[in-house]
Every structure is written in structure tokens, then in C-alpha cells.
Amino acid sequence: MSGVQLRNIVKRFGDVEVIHGIDLDIDHGEFCVFVGPSGCGKSTLLRMIAGLEETSGGQIDIGGDDVTHADAADRGVAMVFQTYALYPHMTVRENMGFGLKMTGHPKSEIAQKVDEAARILKLEPLLDRKPAALSGGQRQRVAIGRAIVRGPKVFLFDEPLSNLDAELRVEMRAEIARLHREIGATMIYVTHDQVEAMTMADKIVVLRGGHIEQVGAPMHLYEDPDNRFVAGFIGSPS
Ligand code: ADP
Ligand code: MG
């Protein structure tokens, strides 16, 4: 099981507290979307779950283990970065296998994992190309493939589609939803895009100024927002 529990998570940068004691349960296999305006703390929260940022207080459990002070590499999480993070001089195959190569995995195992990720993402015909010879959507698939090969329990996405055009965004949303169905891993997806939140989420977490305004299924937030901020953000009529 690979649920994620946050207990009273606090984050300070110097004297400034930006996350004010967040409690949240994300179930195993759930597609959880963090949504909220720019600067509300979405990325900071995700980076603390990933282990890329220290917490200032509270506890993070993944799969029932306290990982609050664990190294990023030991948490069983993988972050999907935006496509500009691909290595331009490496092929698709090398880009996807690079993380495993660095951690000393045998070549045969890397090849098998890359092939499996390429199958899931329909990248098989493109494995020998370099990123410059790929479309935006194909590059995004490679960025996701790099996460898949590591076999994480939890996938973390930080606005992965924000530099794609509108048409491609729609296509990639469907692609990520299909990936979630096929792999069944827990996914936490950050966006400031209400449409993305409403169409992709099992559960939406609405953040504002470093705290949670409301948590619920998309239709629940739409039909029964706790306050005007949530209603305004989700786009419901009240
Ligand atoms: P979001 O992803 O929702 O746009 P962030 O998590 O990036 O928001 O930022 C939340 C708050 O923390 C903002 O006020 C931001 O300025 C501040 N912040 C983020 N990272 C740092 C940092 N490394 N040093 C100081 N302040 C930061
Ligand atoms: Mg952000």
C-alpha cells in the first residue's frame, strides 16, 4: 500500500512561514490534485513529499512508513519534471535509463524497465531519437517515462503540462489518466488549472495561502463548496 499521510506539516523559509500546519490523507492508488493560486504553496508541499525540501515541522508517512527525514531516493516517489529537464545529448532510451544507470543497476535490468515504460507510453518507435527530434507531447512522455522506470509507489507531478499548447494539454491529460489506470500507483498532481483539476482528480485539495480550504471529490466541491473562495476557484455557480 502506498498512501500518503501529512500530519501538521509546517514550512518556513527563514522567518516566513509559508505552509501553516497541513493535515491530509491520500489513499493508495488515488489521483489527488493540489489546486490553488500562484504562491499558495503547491510546489513547496510537493517538494517536501518528494524529499527535495526539508519540513519545518510535522510528519510525512508514505506507505505507512515515516519518511519525514528520509532521503529523496529512499521514499519510493518519483517526480515528473517539465520537458526542459531532458538531456539533449542523450537518446530517449538513455534519458529514461539514466537514473537507474547512476544508481548502479545492471544493463539488462535497465533495458527491460525502459522497454516496459516505452510500451506503456507508446514510445517504442522513438527510443533512439534525441529530444530535439520529438514533438512536445513525445517529450512529455519521455519525462514521464523517466519516472516510470524507477517503479515508484507514488508519482508527483508539478504542473507538467503548463508549457504545452491547449490541444496537446487535452491529449496529455487523457494520457496521464490512462497511465494512472494502467499502473494503479498513487499520483499527486499540482496544477493551477481548474479544468485539469476537475477532469483528472479523484480528490481535489484546494490550497490558499499555505493552508487547505477544502478537500473533496470534484463534484462535491462543485456542488457544495465550503466558501466563496472554493466556489470561485472551482467555478461553481454559488
Ligand atoms: P505555488 O507552487 O503554489 O505557486 P510555492 O510553493 O512555489 O507556490 O511558494 C509558496 C510560497 O513560498 C511563496 O510565497 C513563495 O514565494 C515562497 N517560497 C517558495 N520557495 C521559496 C524559497 N526557496 N525561499 C523563500 N521563499 C520561497
Ligand atoms: Mg508551483
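Measure nothing fancy, just the Cα-based angle from helix 166-183's long axis to the longest principal axis of the chain, in degrees from 0 to 90, nearest 10.
80 degrees
Using unit Cβ charges (K, R positive; D, E negative) and no other charged atoms, how large, in debye to the nearest 20, is the dipole of the chain about its Cα centre? If you can, show how the numbers build up before the last one.
Numbers: 26 positive and 33 negative charges, 176 e Å.
Roughly 840 debye for the chain.
Of all trypsin sites (Lys or Arg not before Pro) in the stretch 165-226, which ones are in loop regions per DSSP and have a Cβ with at most 12 other Cβ atoms within 10 Å? Walk me through the numbers on the way to the answer.
Values: sites: 169, 173, 178, 181, 203, 208; in loops: none.
Answer by residue number: there is no such site.
Does anything in the stretch 82-102 have its amide N under 12 Å from the 7 Å Cα→Cβ label point of residue 132, and if so which residues?
Only 88-90 fall inside the zone, counting backbone N under 12 Å.
If we count every other residue with Cβ under 10 angstrom of residue 233's Cβ, Lys/Arg +1 and Asp/Glu -1, where does the sum land?
So the surrounding residues net to +1.
Roughly how compact is the stretch 103-214, stated as its Cα Rg over 2.2 N^0.38 Å to two decimals? It would help to have the intermediate numbers written out before the result.
Values: Rg = 15.5 Å, N = 112, 2.2 N^0.38 = 13.2 Å.
That ratio works out to 1.17.
May I ask for the net charge around residue 164, where only other residues with Cβ less than 12 Å from the Cβ of residue 164 are counted and Lys, Arg are +1 while Asp, Glu are -1?
Numbers: positive: 139, 141, 169, 173; negative: 159, 165, 167, 171, 175, 193, 196.
Residues near residue 164 contribute -3 overall.
If the viscosity is 0.692 mPa s and the temperature 37 °C, what translational diffusion coefficient in µm²/s does Stokes-Einstein give for the chain when Rh comes from Kirkwood over Cα pairs?
Values: Rh = 18.5 Å.
D = 178 µm²/s.
Rank 100, 207, 43 by how far each Cα sits towards the positive end of the charge dipole of the chain (+1 on Lys, Arg Cβ; -1 on Asp, Glu Cβ) and give me just the farthest.
100
Take every DSSP beta bridge with both residues inside the chain and express the antiparallel ones as a percent of the total, to the nearest 5. Don't skip to the end; give the middle numbers.
Working: 20 of 38 bridges.
Of the beta bridges lying entirely in the chain, close to 55 percent run antiparallel.
Using the structure shown, list the pairs from 42/130; 42/101; 42/113; 11/42; 42/203 with a Cα-Cα distance above 20 Å, or answer none. Kindly include the intermediate steps, with their values, before the conclusion.
On the way: 42/130 32 Å; 42/101 31 Å; 42/113 31 Å; 11/42 12 Å; 42/203 15 Å.
Flagged as over cut-off: 42/130; 42/101; 42/113.
Quote the relative contact order of the chain in percent (integer), defining contacts as alpha-carbon pairs under 8 Å separated by 6+ residues.
Details: 442 pairs, mean separation 63.9, N = 238.
Relative contact order for the chain comes out at 27 percent.
Which residue, 217, 117, 197, tops the fluctuation ranking in a GNM of the chain built on C-alpha contacts under 10 Å?
217
Highest mean first, how do 13-26, 150-163 rank when packing is the count of other Cβ atoms within 10 Å averaged over residues? Don't jump to the answer; show the numbers that get you there.
On the way: 13-26: 14.4, 150-163: 19.8.
Result, highest mean first: 150-163, 13-26.
If Lys and Arg each add +1 and Asp and Glu each add -1, what is the summed charge of the other residues whose beta carbon sits under 12 Å from the beta carbon of residue 99?
Numbers: positive: 101, 113, 146, 150; negative: 94.
Around residue 99, the surrounding residues sum to +3.
Values quoted throughout were computed directly from the atomic coordinates according to the rules given, and no laboratory measurement underlies them. This structure is a prediction, so every number in the text was calculated from the model and none was measured. As a convention, Cβ positions derive from the backbone with ideal geometry for all residues, glycine included, and neighbour counts pool all protein chains shown.
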